[in-house]
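Peer 1: Quick one: the structure is below, questions incoming.
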Amino acid sequence: MNRKGLSKHQVSERLKEFQKRDLKYSSGRILGSMCTCAHPVAKEAYHDFLESNLGDPGLFEGTKALEDEVISMLGEILGKKDVCGHMITGGTEANLMAMRAARNQARQEKSIKNGEIIAPKSAHFSFKKAADILNLELKEAELDENYCMDLNSVKELISPNTVAIVGVAGTTELGKIDPIADLSELCLEKDIYLHVDAAFGGFLIPFLRDIGYKFPEFDFGLQGVCSITIDPHKMGLAPIPSGCILFREEKYLDLMSIDTPYLTEKQQSTIVGTRTGASAAATWAIMKYMGWEGYAKLAKNSMEITDFLARGLLKQGFELVSPPELNIVAFNSSKISAHELASRLDKMGWAVSVSSCPPAIRIVLMPHIRREHMVEFLDDLKNIE
Ligand code: 0PR
């Protein structure tokens, strides 16, 4: 490390050099990400609350009130205004907290020691991390022909050690929605904890449904749903890191509570201690600014560009893995493999990702991607084939 400090100007110049190497969402070239440009309203709020720490909420009562309002607004979007929960770093931490609550409940109420969780093969890899950290065994359920969780496979995997079942509303690779209503019934019947990972779909499905898109039920309106992951830093336009975990009842938070005797709150149920208040302020600001109608418009716009891309690909002879339900398009060429196609696109400056199940080019039509970017993308694809 340098012994003498640099000037503010020197620091800023050096930082710019580093930043030049980063891709920018605004270029329209980042096609495989679930994050996007944070809205200026959210950025400003984030900046103003940089120092507030939700890990010691008695010192930051205003920020704590913002967090509470965010949780309740998200609960309202997801079918239950009086939910409990926290703002955390993102979907990984939210899923980890949900699995921890489920494990602790099963340990306490059913004396289950070697717990198992059942998640679809399409679930985000954060469940592998959660299983590892929490000492749970992850059992992967098969998918049906539409790449959704297969209910019969779930039933076969249920054992006396099952502590939770996970359904996904907006899968990472294909944007699919698992049959959450069926899972809810099953979990109520078998007395099993049901978690819904709506990290991506949570900021899309309720708004799209309201303007006429058809989607299955997936939220707290279903009595079996115990918790939901929803990420404002994906389709919510909040800065990274902004994630949320919502629980149907306070008891799930209590199951994870640890005494924190010298803090302004006497118990803490989150995994992290010092916790970002800036994310709560930014999420509150952007949700108030956008309103229901703003998010509905944003989601509709992304779906229209999705549709434009999907049609364009079909016209050019590409195969879609399946018709897009949310703003994710996965496709293949009949001539070259997905990995080969991805590497050729990369050389042309397009940052795409390749899905694993099945292998395909996966494009997430986030708000930073506009129609003109897709016109250019489709043109470039013509030159590859
Ligand atoms: N649940 C679902 C359904 C997800 O899609 C993701 C992340 C998570 C949980 C985990 O969320 P965090 O990454 O916030 O902890 N989905 C994206 C993915 O893994 C995250 C992402 C975003 C990856 C931007 C790359 C990227 O450039 O693909």
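The values are calculated or read from the model by the stated rules, or taken from the named source; none is laboratory data. Worth saying up front: this structure is predicted, and the values here are computed from it rather than measured. Please note that ligands, DNA and RNA were not included when accessible areas were found on the heavy atoms of the full protein model with its side chains. Shrake-Rupley method; radii C 1.70, N 1.55, O 1.52, S 1.80 Å.
Peer 1: Grab the DSSP H runs of the chain that are 4 residues or longer, score each as -39,500 (n - 2.57), total them, divide by all residues and round the 222 nm result to the nearest 500 deg cm²/dmol.
Peer 2: -13500 deg cm²/dmol
Peer 1: While we're here: Using heavy-atom solvent-accessible surface (probe 1.4 Å) with all chains present, what is the largest-first order of Ile133, Ile336, Ile245?
Peer 2: Ile133, Ile336, Ile245
Peer 1: In whole percent, what relative contact order does the chain give with Cα contacts below 8 Å and a gap of six or more residues?
Peer 2: About 23 percent, as a whole number.
Peer 1: Moving on to the next point. Once you sort the root eigenvalues of the Cα gyration tensor of the stretch 34-82 as a ≥ b ≥ c, which label holds: rounded (a/c under 1.5), prolate (a/b larger than b/c) or oblate (the other case)?
Peer 2: Note, shape of the stretch 34-82 comes out oblate.
Peer 1: State whether the stretch 235-353 is rounded, prolate or oblate according to the following rule on the C-alpha gyration tensor (a ≥ b ≥ c being the square roots of its eigenvalues): a/c under 1.5 gives rounded; otherwise a/b larger than b/c gives prolate, and the remaining case gives oblate.
Peer 2: prolate
Peer 1: Okay, moving on. Where a Cα-Cα gap under 22 Å defines reach, which lysines qualify for Lys24, not counting those fewer than 8 residues away within the same chain?
Peer 2: Counting by Cα, and skipping residues close in sequence, Lys24 has these lysines nearby: Lys16, Lys43, Lys234, Lys347.
Peer 1: Please report, as a whole percent, how much of the solvent-accessible surface of the stretch 41-287 comes from carbon and sulfur atoms (probe radius 1.4 Å).
Peer 2: 49
Peer 1: Using 0.36 nm times the number of residues separating Leu6 and Ser356, minus their current alpha carbon distance, what extension gain do you get?
Peer 2: 121.4 nm
Peer 1: Mind running the shape call on the stretch 1-152? Use the C-alpha gyration tensor, a ≥ b ≥ c as the square roots of the eigenvalues: rounded below 1.5 for a/c, prolate if a/b tops b/c, oblate otherwise.
Peer 2: Because a/c hits 1.5 or more and a/b exceeds b/c, the stretch 1-152 counts as prolate.
Peer 1: Counting only heavy atoms of protein chains, what accessible area per residue, in Å², does the chain have with a probe of 1.4 Å?
Peer 2: Result: 47 Å² per residue.
Peer 1: Over the stretch 242-385, what relative contact order in percent results from Cα pairs under 8 Å that are six or more residues apart?
Peer 2: Normalised by residue count, the contact order of the stretch 242-385 is 17 percent.
Peer 1: A further question on this structure: Given the stretch 95-248, what percent of its DSSP beta bridges are antiparallel, to the nearest 5?
Peer 2: Counting only bridges with both partners in the stretch 95-248, antiparallel ones make up about 25 percent.
Peer 1: While we're on this one: Run down the lysines and flag those whose C-alpha is under 24 Å from the C-alpha of Lys139, throwing out any fewer than 8 positions away in its chain.
Peer 2: Lys110, Lys113, Lys121, Lys128, Lys129, Lys155, Lys176, Lys190
Peer 1: Give, in nm to one decimal, the length gained when the segment between Glu249 and Glu156 is fully stretched (0.36 nm per residue of separation minus the Cα-Cα distance).
Peer 2: Length gained, Glu249 through Glu156: 30.6 nm.
Peer 1: At 1.567 mPa s and 4 °C, plugging the Kirkwood radius over alpha-carbon pairs of the chain into Stokes-Einstein gives what diffusion coefficient in µm²/s?
Peer 2: Taking Rh from Cα pairs, D becomes 59 µm²/s.
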